[in-house]
Amino acid sequence: MMREITEPPAARINLNGGGIWILILALAFTLGACRKKPEPAVEKPAPTSFLTIFALQHIRSTGFEAVVMKDFEQKHNSALTVVTFPDLPTLLDSLEFVDGKPNADLVIGLDSAFALSESILEPFATVPEVSLSELDLEVPRDPQQRLIPYATANLAFIYDSRLIPDTPRSFGELQDVRFADQLALCDPSTSGLGRSALLWSVALFGERGWEQLWNSYRKNVSQLSRDHFESLNAIRRGECSLMIGYNSVPAWINEFHPSESHIRAVIPEEGSFRHTEFAALCSGAPNRATALKFLDYLISVEAQQFVMFKLAMMPVNGRTPLPRDFARVPWSVFTVNDRLDKYQARQNIPAWLESWDSLIKSRPGLHEPEVPTNAGRMSRGAD
């Protein structure tokens with residue numbers, strides 16, 4: 001006979017009564033004890049320096065701000081306040097001085113065309129502390145070193161080769177009726193690129209010839225844009241097939257949008273025109289020491305790579321490694337900037353702008369950018 005084995009009464013747990021809750025609580029306690037406690041959050045140290053930067057909108061919309069400003073903040077434990085503006089005249093009108101102190105430390109987005117006006121340079125200080133020794137010799141420099149170049153490009157015709165299979169090789173060809181309603185331009189009254197395009201035509205065709213040239217282009221102009229990327233995006237969307245822009249654009253397209261390699265550039269046979277963007281320190285800047293560090297960083301190899309990747313322009317630092325497509329961009333090309341001297345550009349720009357407006361902006365059906373209502377958009381940090 002098999003002997004029945006029974007447990008002592010004290011060792012049993014009555015699962016039909018309150019014992020089930022004792023078991024659940026015991027398991028929960030065991031599991032809770034085994035679970036790894038979360039690491040305490042590491043507090044970000046308080047910034048030890050501050051900087052206020054006025055910049056053009058494309059510095060933010062291209063992503064340049066998000067990488068360059070953020071990296072500077074992390075490296076220097078600094079807090080940057082970046083205020084962006086749709087165009088340079090709006091930015092400069094917003095720059096104020098109270099008791100000799102400006103409401104910004106730095107301005108980013110000045111350019112070689114607007115810099116021809118001496119009054120534009122008055123708010124800015126010389127910065128001999130910033131070394132320009134690594135800058136390429138072909139990059140234009142301000143003799144007084146108020147302007148620090150950070151991006152440059154030779155101007156070219158940018159076109160969609162699917163819609164324009166025969167490459168336009170001269171300014172004369174752009175007068176052709178086959179380009180009717182196909183040309184996107186930047187407004188020279190508000191855009192540095194647009195003003196460089198106007199100065200380019202004056203340098204090539206003189207004070208009399210440039211107006212005849214633009215009058216012949218009138219039928220071909222489809223829209224005016226605020227900046228380079230606005231015109232380029234019109235081509236990418238198929239709204240236009242031609243613009244005046246940077247000869248480095250196809251390299252940027254091939255790097256980041258290879259399916260759009262039909263967008264190409266050609267420097268016309270008459271020669272190119274150099275367009276350069278600058279940063280400047282405001283006179284009396286309250287955070288001068290940090291601003292000087294930022295200018296040093298802006299022209300360093302580390303930051304200069306993003307001039308190509310974000311702005312689609314060429315770096316000014318000659319030691320910057322170039323990706324394959326950017327290495328193929330013609331650099332030492334024939335430019336005509338120096339011809340402007342004989343036409344007294346500084347004195348005549350207002351009259352040239354007025355004539356250009358009457359020729360182009362009076363065209364029926366011309367699409368112009370909307371007037372911005374939110375100028376002075378701020379971000380704290382580069383998030």
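The values are calculated or read from the model by the stated rules, or taken from the named source; none is laboratory data. Quick caveat, the model's predicted, so the values are computed rather than measured. As a convention, Cβ positions derive from the backbone with ideal geometry for all residues, glycine included, and neighbour counts pool all protein chains shown.
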Every residue in region 316-340 that is under 18 Å from S112 (Cβ atoms) and of a type in the set (D, E, K, R), please.
D338, R339
Taking region 317-341 on its own, how many of its residues are touching a helix residue (DSSP H, G or I) at 6+ places or on another chain (Cβ under 7 Å), closer than 15 Å to L137 by Cα and in contact (Cβ under 8 Å) with a residue 24 or more places away in the chain?
2
Does D99 satisfy the condition of being among the acidic types (D, E) and touching a residue at least 60 places away in the same chain (Cβ under 8 Å)?
no
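Of everything in region 335-370, what is in a loop (DSSP other than H, G, I, E, B) and modelled with pLDDT under 95? Give them in sequence order.
Q344, S362, R363, P364, G365, L366, E368, P369, E370
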Looking at S261, S241, S248, S201, can you tell me which residue is closer than 24 Å to V307 by Cβ, hydroxyl-bearing (S, T, Y) and crowded, with 17+ Cβ neighbours inside 10 Å?
S248
Pair list, Cβ under 6 Å, 6 or more apart: region 58-72 residue among the acidic types (D, E), other residue crowded, with 18+ Cβ neighbours inside 10 Å
E65/I59; E65/V82; E65/A382
Just a yes or no: is a residue in region 162-183 exposed (fewer than 14 other Cβ atoms within 10 Å of the Cβ), under 19 Å from the mean Cα position of the chain (by Cα) and not in a helix (DSSP H, G or I)?
no
Subset of region 146-161 (residues that are of a type outside the set (A, V, I, L, M, F, W, C) and either touching a Gly at 6+ places or on another chain (Cβ under 7 Å) or crowded, with 16+ Cβ neighbours inside 10 Å (or both)):
R146, P149, Y150, T152, N154, Y159, D160
Conditions (1) charged (D, E, K, R); (2) farther than 15 Å from Y246 by Cβ; (3) surrounded by 16 or more Cβ atoms within 10 Å (Cβ to Cβ); number of the one not met by R324
(3)
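Considering only region 122-137, state which residues are of a type in the set (A, V, I, L, M) and either without any contact (Cβ under 8 Å) to a residue 60 or more places away in the chain or on the phi > 0 side of the Ramachandran plot (or both).
Going residue by residue through region 122-137, those that are of a type in the set (A, V, I, L, M) are 125, 127, 130, 132, 135, 137.
Of everything in region 122-137, nothing turns out to be of a type in the set (A, V, I, L, M) and either without any contact (Cβ under 8 Å) to a residue 60 or more places away in the chain or on the phi > 0 side of the Ramachandran plot (or both).
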Please specify each residue of region 303-321 satisfying the condition of being out of contact with any Asp or Glu (no Cβ under 7 Å at 6 or more places or on another chain) and either in a strand (DSSP E or B) or loosely packed, with under 15 Cβ neighbours inside 10 Å (or both).
M314, P315, P321
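Grab the strands (runs of 3 or more DSSP E) fully contained in region 185-292, keeping just those with 2 or more residues being hydrophobic (A, V, I, L, M, F, W, C) and free of Cβ contacts under 8 Å to residues at least 24 places away in the same chain. Lay out the reasoning, then the answer.
Details: elements: 221-225, 242-246, 263-266, 274-281.
Counting at least 2 such residues, we get no strands (runs of 3 or more DSSP E) at all.
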